[in-house]
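For reference, the structure discussed in these notes is given below.
The values are calculated or read from the model by the stated rules, or taken from the named source; none is laboratory data. Quantities reported herein were computed from a predicted structural model and do not represent experimental measurements. Positions of Cβ are generated from backbone atoms using ideal geometry, with glycine treated the same way; all protein chains shown enter the neighbour counts. Heavy atoms of the whole protein, side chains included, go into the accessibility calculation; ligands, DNA and RNA do not. Shrake-Rupley method; radii C 1.70, N 1.55, O 1.52, S 1.80 Å.
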Amino acid sequence: MAKPKRSMKPATFAWPVRPLIYEINAWTWLDELSRKHGRPIRLDSVPEEEWDALAQWGFDGVWLMGVWERSPAGRAIARAHPGLLEDYRRALPDYTAEDVVGSPYCVHRYVVDARLGGPEGLRAVRRALAGRGLRLLLDFVPNHVARDHPWVAAHPEYLVRGSVEDLARDPGAYFECGGQILACGRDPFFPPWTDVAQLNAFDPGLRRAAIATLKEIAGQCDGVRADMAMLLISEVFARTWGLRAGTRAAQEYWAEVIAGVRAAFPGFLFIAEAYWDLEWTLQQQGFDYCYDKRLYDRLEYDSAESVRLHLSGEMAYQQRLVRFIENHDEPRAAATFGREQARAAAVVITTLPGAVLLHEGQLEGKRIRLPVQLGRRPEEPADAELLAFYRTLIRSIGRQTMRSGVWSLCSRSGWPDNPRHLNLVAWCWADRNLRHLVVVNLSDQHSQARVQVPWAFLIGREWRLTDLLTGAVYERNGDEMRDPGLYVGLPPWGYHVLRLEA
């Protein structure tokens, strides 16, 4: 593969409309590079060829997960927590205490961890990425901070506080610091996170501090992924904390915070980790993109018809979702979906409107999900066939080439004695002379359908259909493609990514 040309792009440049983002676990990535090259490697000493290899994939941005200073107090908790110790042993049987570097979501300070290369290391990363046409995404954790974060001692008013009775009744949910009883961070549906302190989304001082922190972050990267963003929605926060939250703020947290940051950094990207069908709410509060966990769940558990119904939502909503089948919070796609289903799901997420998130190790078929507290991961052989599949897929969609123009969901029909057309989903893209059709069988059965392609310009012409993943070529009549529809027969978990040319 040819070496990518270097560009002299500025440190900050605009995100494309439908970005392809690659998540890298900063700590484990540097550990593996150090082993590979036989010397310690930090962010400021990553070999040029590693950046070149990354750029060759054609990503639009890199999410460098876990660069901020990890909490010493949180690390001590992570090295003693019984449940976490079981997770470590399961993922990395030969782990030692030194491998437990602490959670990247237990932030001590928003300063790049010195063990990763510090602020200068991050500046080197941003220069390396920008010079190759890649943007940099980092973490922001709005809901909580480490117990030893400076705010805990200096600004207890930023935090949710409890009483001596709360601590006595539930010592796993509260802790004492400097004479204050403070709440541990939490998601209302799970036990508290004992290594972090809960921030108070309604406190005006906290909001000002969050804006200031995000402005500092925005000076170092091109966007943030906001952890558990839905916890800061006023209704959710009030329901979670009740009277302990105090008076509800007049304005939503995210509306105020995002506007405050964008006043200084108008092009800064905000991505929300979002659940509970609150994606639209967060989009309205200012987020550019929100996780599409609903699609992930439907691809894993539900039928093709449920996926089609999910995709029938308004385009204003669809185009601001992040499609994924793996990230550091989810099990590995190769283990969850299986070999063939994982490929079909990958075709789905990479050819839809919205942003696409791919996870380090996903392309190689890694199967072991690593707890985020570990700084070393086990060695796993790469699946060469899957790696080749992803190279072809990503090259086919290109940098906005295939996912450009107007997207349309296609209808499909079957026959009275064959309802398997319901196993297929289909959509198309049209942009001037670029026309593409995607059809995927989301089932373990051979399935057939008539796919109605909605373009009027098909009529009266013959068309050449080239499958970008296999190279197969088909000649089809435009009138037939419109009505009764293009006949498609696919094996279990089969797919077509077709380019149409007259």
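Out of Ala97, Ala124, Ala114, Ala91, I need the residue that is over 28 Å from the mean Cα position of the chain (by Cα), surrounded by fewer than 18 Cβ atoms within 10 Å (Cβ to Cβ) and modelled with pLDDT of 95 or more. Which one? Give the steps one after another, and end with the answer.
On the way: Ala124 fails: over 28 Å from the mean Cα position of the chain (by Cα); Ala114 fails: over 28 Å from the mean Cα position of the chain (by Cα); Ala91 fails: over 28 Å from the mean Cα position of the chain (by Cα).
On inspection, the qualifying residue turns out to be Ala97.
All told, Gly58 falls short of being open to solvent by 10 Å² or more (accessible area, probe 1.4 Å), of a type outside the set (A, V, I, L, M) and within 19 Å of Arg377 (Cα to Cα).
Within region 280-291, is there a residue that is open to solvent by less than 20 Å² (accessible area, probe 1.4 Å), of a type in the set (S, T, N, Q) and either assigned to a loop (DSSP other than H, G, I, E, B) or modelled with pLDDT under 95 (or both)? Within region 280-291 (the criterion being open to solvent by less than 20 Å² (accessible area, probe 1.4 Å), of a type in the set (S, T, N, Q) and either assigned to a loop (DSSP other than H, G, I, E, B) or modelled with pLDDT under 95 (or both)), the answer is no, since none of the residues qualifies. Return a yes/no flag: does region 227-243 have any residue that is more than 26 Å from Thr281 (Cα to Cα) and open to solvent by 10 Å² or more (accessible area, probe 1.4 Å). Taking every residue of region 227-243 in turn, none turns out to be more than 26 Å from Thr281 (Cα to Cα) and open to solvent by 10 Å² or more (accessible area, probe 1.4 Å).
A quick yes/no check of all residues on (1) open to solvent by 60 Å² or more (accessible area, probe 1.4 Å); (2) at positive phi; (3) outside any helix (DSSP H, G or I):
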{"residue": "Arg294", "(1), (2), (3)": "yes, no, no"}
{"residue": "Asp297", "(1), (2), (3)": "no, no, no"}
{"residue": "Ala316", "(1), (2), (3)": "no, no, no"}
{"residue": "Val322", "(1), (2), (3)": "no, no, yes"}
{"residue": "Ile325", "(1), (2), (3)": "no, no, yes"}
{"residue": "His328", "(1), (2), (3)": "no, no, yes"}
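The set of residues in region 299-312 that are in a loop (DSSP other than H, G, I, E, B) and open to solvent by 60 Å² or more (accessible area, probe 1.4 Å) comprises Asp302, Ser303, Ser312.
Of all residues being in contact (Cβ under 8 Å) with a residue 60 or more places away in the chain and acidic (Asp, Glu) in region 201-259, which is farthest from Arg320 (Cα to Cα)? Just the residue, please. The selected residue is Glu216.
Region 371-463 holds strands (runs of 3 or more DSSP E) entirely within its bounds, and those carrying 2 or more residues that are open to solvent by less than 20 Å² (accessible area, probe 1.4 Å) map to 424-431, 434-441, 447-452.
Looking at Pro204, Pro191, Pro171, can you tell me which residue is within 23 Å of Val372 (Cα to Cα) and open to solvent by 30 Å² or more (accessible area, probe 1.4 Å)? Even if it seems obvious, please write down each step before you answer.
On the way: Pro204 fails: within 23 Å of Val372 (Cα to Cα); Pro171 fails: within 23 Å of Val372 (Cα to Cα).
Every option except Pro191 fails the conditions.
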